[in-house]
Amino acid sequence: MEINIYNNPDFPLEIKNDHIINFDYGIPGFEDLKKFTIVDIEDYNPFLLLHSVENHNIAMIVLNAGQLDIEADLKIPEEKLKELRNDDGEVGVFLILKVIDDEKNLTANTKAPIVINFQNRKGRQIILDNENLSMDYPITVS
């Protein structure tokens, strides 16, 4: 699944301030990057990009966790959510994907989901201690 948005004049990346998600701790491996946005990938629904605002060369393919049947195992402890919550407490949970071989062979990191509160625009990658979760959960693309 090759997505090149950097040299494509037909896909300008315009980011509004109210679409910036602040990751106070960065993301493991990218701790120095604190500001990201979610970008729709036209023609690749339901996949999205978690794109760095500070370094346009950094983007990760993500999938809303609700697209997979893993809710029973993907329970995030309340103490790990307290920094992200506000009065409403609604958060979105996304999984970082890894492309293996070709675009039809993907895995999702269910062990460390990206959790985003879109109301207060805070995000965090949370590592879960659950042996039923995997860093390489297979996803079939039809």
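The values are calculated or read from the model by the stated rules, or taken from the named source; none is laboratory data. These figures come from a predicted structure and were not determined experimentally. Please note: Cβ atoms are built from the backbone with ideal geometry, for glycine as well, and neighbour counts cover all protein chains shown.
I'm trying to understand the selection: among the residues of region 26-62, which are at pLDDT 90 or above, aliphatic (A, V, I, L, M) and surrounded by fewer than 18 Cβ atoms within 10 Å (Cβ to Cβ)?
Matches in region 26-62: Leu33, Ile58.
For region 72-105, how many residues are assigned to a loop (DSSP other than H, G, I, E, B) and either at pLDDT 85 or above or more than 15 Å from Phe36 (Cβ to Cβ) (or both)?
Here the count works out to 20.
Inside region 107-132, can you point out the residues that are surrounded by fewer than 19 Cβ atoms within 10 Å (Cβ to Cβ) and either assigned to a loop (DSSP other than H, G, I, E, B) or touching a helix residue (DSSP H, G or I) at 6+ places or on another chain (Cβ under 9 Å) (or both)?
Residues satisfying the conditions are Ala112, Phe118, Gln119, Asn120, Arg121, Ile126, Ile127, Leu128, Asp129, Asn130, Glu131, Asn132.
Would you confirm, using the coordinates I've provided, whether Asp101 is more than 14 Å from the chain's Cα centre (by Cα) and either in contact (Cβ under 8 Å) with a residue 24 or more places away in the chain or under 20 Å from His19 (Cα atoms) (or both)?
So Asp101 does not fit the description; no.
Suppose the filter is of a type outside the set (Lys, Arg) and under 19 Å from Phe118 (Cβ atoms); does Val53 pass it?
The answer is yes for Val53.
Name the strands (runs of 3 or more DSSP E) wholly inside region 12-71 in which the number of residues that are of a type in the set (D, E, K, R) is 2 or more.
35-40
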